[in-house]
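The structure appears below as structure tokens.
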Amino acid sequence: MASSVLSHSLFSTLTSPQSPALENAPPPLSVSVKQPFTTSRSHGVAANFNKISRSLTASCAASDDHPSSAELPIELRYPAFPTVMDINQIRDILPHRFPFLLVDRVIEYTPGVSAVAIKNVTINDNFFPGHFPERPIMPGVLMVEAMAQVGGIVMLQPEVGGSSSSFFFAGIDKVRFRKPVIAGDTLVMRMNLVKLQKRFGIAKLEGKAYVGGEVVCEGEFLMAMGNS
């Protein structure tokens with residue numbers, strides 16, 4: 001009975017509009033639970049997923065239209081060397097002929113300054129049967145000769161005032177052979193004119209030869225130009 005009275009008293013105090021405690025109490029906290037946060041988060045994830053899917057689809061479509069270099073056939077990936085002077089123009093400048101013309105193409109030429117040329121090394125070169133039958137390696141002295149011929153292309157040009165007939169070795173220095181050159185390689189040779197004494201017809205050049213971007217031979221060259 002006492003418990004019933006106490007409960008009734010407390011309930012009356014909380015619910016009665018005339019209760020001073022209720023009039024001075026702060027407004028009750030809302031206990032309603034809203035779900036927009038969960039719904040909004042799910043909607044955001046779905047929207048991001050759709051956006052990513054559309055982006056991936058567009059990227060795949062672009063890849064189909066423009067295949068990457070890795071997808072290209074190997075024969076289409078590597079462009080050919082440019083041609084600044086072909087073999088006929090080279091023959092007009094250099095006096096060398098088969099089997100001692102060792103320059104196939106000039107790919108860069110700056111008058112009176114430098115030249116870059118290539119020599120395609122093939123198993124049909126006449127020095128391979130003897131050097132060496134079981135392991136064909138281009139002789140180092142022929143690499144030096146090929147580089148000297150590239151230097152001759154610089155020297156024998158009108159811009160330098162060179163002779164139209166010939167030039168000769170006057171000396172070589174600091175020549176180093178870094179790697180062997182074998183059949184199938186493309187020898188890329190750069191020769192830079194360092195000093196020219198026109199009065200004496202003497203020129204000093206620096207040269208490097210490359211295969212696949214790696215230095216295989218380098219040295220300094222002293223050359224003398226012949227008379228017309």
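Out of the total accessible area of segment 171-228 (probe 1.4 Å, heavy atoms of protein only), what percent is carbon and sulfur?
48
Can you sort Arg190, Arg199, Arg178 by 1.4 Å-probe accessible area, starting with the largest?
From most exposed to least exposed: Arg199, Arg178, Arg190.
Check which residues have an amide H placed less than 5 Å from Ala170's amide H, if you skip close sequence neighbours.
Leu222, Met223, Ala224
Below 10 angstrom from the Cβ of Asp185, what's the summed charge of the other residues (Lys, Arg +1; Asp, Glu -1)?
+2
Let me spell out the model: positive unit charges on the Cβ of Lys and Arg, negative unit charges on the Cβ of Asp and Glu, origin at the Cα centre of segment 76-194. What dipole size does that give, in debye rounded to 20?
Dipole size: approximately 340 debye.
Just add up the charged neighbours of Pro82: K/R +1, D/E -1, any other residue whose Cβ is under 10 Å from the Cβ of Pro82.
Local net charge: 0.
Among the lysines in segment 78-228, how many pairs, 8 or more places apart or on different chains, have alpha carbons under 13 Å apart?
Lysine pair count for segment 78-228: 4.
Three principal axis extents, largest first, for the C-alpha atoms of segment 75-172, in Å?
45, 40, 22
The values are calculated or read from the model by the stated rules, or taken from the named source; none is laboratory data. Everything numeric here is computed off the predicted structure, so don't read it as measured data. With ideal geometry, Cβ positions are generated from the backbone for all residues, glycine too; neighbour counts draw on all protein chains shown. The accessibility values were calculated without ligands, DNA or RNA, using every heavy atom of the protein model including side chains. Shrake-Rupley method; radii C 1.70, N 1.55, O 1.52, S 1.80 Å.
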